[in-house]
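The values are calculated or read from the model by the stated rules, or taken from the named source; none is laboratory data. Treat the numbers as computed from the prediction; the structure is a model and nothing was measured. FYI the Cβ positions are ideal-geometry reconstructions off the backbone, even for glycines, and counts take in every protein chain you see.
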Amino acid sequence: MAKKNNDFFVEKKAWSVVKDELLGCYFMPYVSKILHTYRPLVYVDCFAGKGKFDDGNPGSPLIALEVIDKCQESTSMESTQIEATFIDLNYADDLRNNLQKYPWVNIISGKYEDNLANVLQGKERCNVFLYIDPYGIKALRCSIFDELSKKHFNSIELLINMNSFGFIREACHALGTSFNDKAIFDDLVEYDPSKMDKSSESIDELNAIADGDYWQDIINQYKTGTIDGYEAEARFSEQYCQRLRQSYTYVLNMPLRIKKGQRPKYRLIHATNHRDGCLLMVDNICNRWEALQEIQSGGQLSLFEENYDNQIVDDTDIANKVSAYFARYSANTSLHEALAGFFMEYGPICSTGTVKKDLKKLESNGRIIVTREPSTTGKGKKATYMSEEKGKKVYVRWAQ
């Protein structure tokens with residue numbers, strides 16, 4: 001077993017801040033929206049840690065519970081049904097101490113792989129949200145997520161923090177080569193990194209995590225110098241997400257960085273079978289990145305905008321992508337379904353609002369046909385809304 005970083009919870013490091021803020025930013029609108037399905041919400045933090053860092057900063061459990069409190073206080077619903085379970089192998093006692101304010105939560109000491117089935121037993125028709133921020137890579141077996149997708153939940157969403165470079169590093173060890181880009185890990189603090197060696201057992205374990213041997217070709221290309229470590233990580237992450245798409249219709253693959261100009265070092269993966277959850281996450285990652293940029297630049301405007309992946313945000317390029325993608329729809333298609341498909345293809349390169357603005361321009365130019373139900377406002381005027389919500393439907397198709 002790998003040696004654990006016993007100082008991990010002493011002080012909340014930058015990576016933990018970014019990951020937990022993304023959880024909090026997404027979880028607030030998610031809970032507000034999911035409560036109105038009038039189905040119970042089951043929240044599970046699979047690697048909860050201590051619940052709070054020794055320096056007083058909240059961990060993911062307290063962040064999630066504070067969101068739940070705020071949503072319950074602000075809702076007009078007479079009653080809500082929310083269950084919260086926190087699992088950790090090493091710090092269950094600390095969790096109980098730090099979550100004393102919430103006596104209704106369930107705290108489990110053990111591995112999430114051994115306990116998740118029991119936690120979710122009898123939860124059919126519930127809304128399930130899993131936050132998975134694993135200490136190593138072994139907990140990321142695709143087969144675990146496949147089984148969850150087969151359950152008859154009303155909805156299920158997975159928010160996974162993946163140390164994809166950790167996988168590449170250990171994959172190199174398993175195939176008998178060294179990972180030379182060690183500077184990547186300089187500010188990436190790991191609690192319990194998985195350790196692999198040059199053995200058939202390690203190769204089998206990595207095959208199980210990835211649910212395939214596609215990673216071996218990537219590592220062999222890295223070994224020969226055909227690609228560098230960043231390209232190896234990008235290729236593995238994309239293929240891992242492609243594998244998840246066998247079980248989840250909408251899988252967003254979002255590389256994260258914490259310093260302006262820095263190459264991405266981590267992956268946030270969001271998986272769901274519900275398009276609105278996908279679109280909510282797109283706007284969350286875009287809004288969060290804009291806020292982080294403002295902090296990093298001291299409020300000064302940059303000459304060029306960048307997105308989360310160091311890509312220059314070019315309005316013309318986005319507009320061209322919107323035109324090319326929506327030209328595929330020759331028959332009326334739900335706007336939200338088409339939007340989710342757009343972000344599956346290009347990633348969260350912009351907000352949903354940016355795409356809708358481009359679609360309105362295409363509509364005014366007669367290049368797309370937009371059908372709205374209802375087609376008029378309450379005052380009898382022609383409707384122009386571009387959002388599907390209660391009592392409103394929008395369909396788009398390319399003008400032939």
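If PHE129 passes every condition in (1) at pLDDT 95 or above; (2) surrounded by fewer than 16 Cβ atoms within 10 Å (Cβ to Cβ) but one, which one does it miss?
Every condition holds for PHE129 apart from (2).
Tell me, yes or no, whether the range 283-303 has at least one residue that is among the aliphatic types (A, V, I, L, M), at pLDDT 85 or above and closer than 24 Å to ARG267 by Cβ.
no
Checking TYR43 against (1) closer than 21 Å to ILE285 by Cα; (2) out of contact with any strand residue (DSSP E or B) (no Cβ under 6 Å at 6 or more places or on another chain), which test does it fail?
Of (1) closer than 21 Å to ILE285 by Cα; (2) out of contact with any strand residue (DSSP E or B) (no Cβ under 6 Å at 6 or more places or on another chain), only one is false for TYR43: (2).
State which residue is farthest from ASP314 (Cα to Cα) when the search covers only the range 344-382 and only residues that are surrounded by fewer than 16 Cβ atoms within 10 Å (Cβ to Cβ) and either among the aliphatic types (A, V, I, L, M) or touching a Ser or Thr at 6+ places or on another chain (Cβ under 9 Å) (or both).
Here the residue is THR377.
Out of all the residues in the range 318-327, is one or more modelled with pLDDT of 90 or more, closer than 18 Å to GLU388 by Cα and within 22 Å of the chain's Cα centre (by Cα)?
No, because not a single residue in the range 318-327 is modelled with pLDDT of 90 or more, closer than 18 Å to GLU388 by Cα and within 22 Å of the chain's Cα centre (by Cα).
I'd like to know if the range 39-52 contains one or more residues that are buried (at least 18 other Cβ atoms within 10 Å of the Cβ) and either more than 23 Å from the chain's Cα centre (by Cα) or in a helix (DSSP H, G or I) (or both).
Checked against the condition, which is being buried (at least 18 other Cβ atoms within 10 Å of the Cβ) and either more than 23 Å from the chain's Cα centre (by Cα) or in a helix (DSSP H, G or I) (or both), the range 39-52 yields no hits at all.
Residues in the range 29-87 that are at pLDDT below 95 and in contact with a Ser or Thr (Cβ under 6 Å, 6 or more places away or on another chain): how many?
Summing the residues that are at pLDDT below 95 and in contact with a Ser or Thr (Cβ under 6 Å, 6 or more places away or on another chain) in the range 29-87 gives 3.
Take the range 79-111 and flag every residue that is of a type in the set (S, T, N, Q), surrounded by fewer than 18 Cβ atoms within 10 Å (Cβ to Cβ) and in contact with a strand residue (DSSP E or B) (Cβ under 6 Å, 6 or more places away or on another chain).
If the condition is that a residue be of a type in the set (S, T, N, Q), surrounded by fewer than 18 Cβ atoms within 10 Å (Cβ to Cβ) and in contact with a strand residue (DSSP E or B) (Cβ under 6 Å, 6 or more places away or on another chain), then ASN106 is the only one that fits.
Can you run down the residue pairs with Cβ atoms below 8 Å, 6 or more apart or on separate chains, where the first is in the range 22-34 and assigned by TED's automatic domain parsing to the domain that holds PHE129 and the partner is surrounded by fewer than 24 Cβ atoms within 10 Å (Cβ to Cβ) and among the basic types (Lys, Arg)?
LEU22/ARG288; CYS25/ARG288; MET28/LYS70
Restricting to the range 68-111, name every residue that is in a loop (DSSP other than H, G, I, E, B) and closer than 22 Å to ASP54 by Cα.
LEU89, ASN90, TYR91, LEU99, GLN100, LYS101, TYR102, PRO103, VAL105, GLY110
Kindly indicate whether LYS393 is within 21 Å of ASP283 (Cα to Cα) and either part of a strand (DSSP E or B) or of a type in the set (Gly, Ala, Ser) (or both).
Yes; evaluated as a whole, the condition is true for this residue.
Please state which one of ARG96, ARG125 is among the basic types (Lys, Arg) and on the phi > 0 side of the Ramachandran plot.
Details: ARG96 fails: on the phi > 0 side of the Ramachandran plot.
The unique qualifying residue is ARG125.
Do you know which residues across the range 209-230 are over 24 Å from the mean Cα position of the chain (by Cα) and touching a residue at least 24 places away in the same chain (Cβ under 8 Å)?
Selection gives GLN216, ILE219, ASN220, TYR222, LYS223, ASP228.
Identify all residues within the range 211-236 that are out of contact with any helix residue (DSSP H, G or I) (no Cβ under 6 Å at 6 or more places or on another chain) and closer than 26 Å to PHE8 by Cβ; write none if there are none.
The answer is GLY229, TYR230.
Got at least one residue in the range 332-346 being more than 25 Å from HIS270 (Cα to Cα) and either at pLDDT 95 or above or not aromatic (Phe, Trp, Tyr) (or both)?
Yes - at least one qualifying residue is present in the range 332-346.
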